[in-house]
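Data block below; observations after.
The values are calculated or read from the model by the stated rules, or taken from the named source; none is laboratory data. Source: prediction; values computed, not measured. Positions of Cβ are generated from backbone atoms using ideal geometry, with glycine treated the same way; all protein chains shown enter the neighbour counts.
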């Protein structure tokens, strides 16, 4: 009889071989559906049906590439955007565009090529517009103000802020309440208790600002350039690096998983190592979401 170690090794080898032998389109679609199951989208009107169709696509043999799965998902994710208008999350739009692109690709003669084209340019354009806004159009990003405020007021940054700046929950809450006050004109000379900001806040904000511009610029350029072998290797590496660094700080797991699923769709079928890295990044983000230091 095989020992426990042998059985574990055999199971892991089977998983490794299964991922390596899976068609790129199938892997991309599975990760997309898994994203929607792990982080359900929409309100109680949209969410139940979205979960049902995502589960059916994963569980029923032969339905992964069915238009009867992806057309309803495209409709439901689009309906989510309309119902949340005018303030849906950024990735709500991208998820709708991606589900629609999948439905269109599955109706084409060359699904692999069509989906790869859409995945490549949707990622490239999304990052290019994000970079345009941050670096050139926004007045409060390049000077570090965005991260200085977000680290103290956005709950998604709370664990990162607390561990990095050595602040407890009460201290963060006090700073948040102060920053969320609406004050017109100059600050009064007296009568306002102004808490002291952590000394490292400005430095950390600057590092996050320049790293964000650098990595998002690298992703945008590499995905929008023509598909050549060297560029392909770079764009996969840049996107994976972006995901494993960004979503360790900002816990927006659904966005990270969606980018990974889209990235897989345009990766080279022959480069097995890349798909393993994408899958590893997918599950690393899942680990981030449950570890105390990241949550």
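Some observations on this one:
- Filter pass, residue 274 being at pLDDT 90 or above, assigned by TED's automatic domain parsing to the domain that holds residue 157, within 27 Å of residue 39 (Cα to Cα) and over 11 Å from the mean Cα position of the chain (by Cα): yes
- Unique residue being in contact with a helix residue (DSSP H, G or I) (Cβ under 8 Å, 6 or more places away or on another chain) and modelled with pLDDT of 95 or more when the list is 144, 78: 78
- Looking across 239, 291, 234, 284, one residue alone is assigned to a loop (DSSP other than H, G, I, E, B) and over 9 Å from the mean Cα position of the chain (by Cα). It is 291.
- Test set (1) farther than 27 Å from residue 223 by Cα; (2) in contact (Cβ under 8 Å) with a residue 40 or more places away in the chain; (3) not in a helix (DSSP H, G or I) - residue 142 fails condition number: (1)
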